[in-house]
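The values are calculated or read from the model by the stated rules, or taken from the named source; none is laboratory data. Just so it is clear, the model here is predicted, and its values are computed rather than measured. Please note that ligands, DNA and RNA were not included when accessible areas were found on the heavy atoms of the full protein model with its side chains. Shrake-Rupley method; radii C 1.70, N 1.55, O 1.52, S 1.80 Å.
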Amino acid sequence: MVEANAAWASGHYACDSDAALNVVLRAARPAGEFEPQDMRFLRPARYAER
């Protein structure tokens, strides 16, 4: 089983900090800047109504 967490909440303590930062920055960019090979990993944002 693979647990899907947001890149910034994936327990990056024991890994290369530069590589972890690259993952977070890549995951948090505007939707229009994603590469075609990354599009299958995107999902619509869900906002809670208040």
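Some points to look at:
- Test: residue in the stretch 8-18 that is open to solvent by less than 100 Å² (accessible area, probe 1.4 Å), at pLDDT 70 or above, among the aliphatic types (A, V, I, L, M) and at negative phi: no
- The stretch 23-48, residues that are open to solvent by 90 Å² or more (accessible area, probe 1.4 Å) and more than 10 Å from the chain's Cα centre (by Cα): Glu33, Pro36, Gln37, Met39, Arg40, Arg43, Pro44, Arg46, Tyr47
- Residues in the stretch 26-37 that are outside any loop (DSSP other than H, G, I, E, B) and modelled with pLDDT of 85 or more: Gly32, Glu33, Pro36, Gln37.
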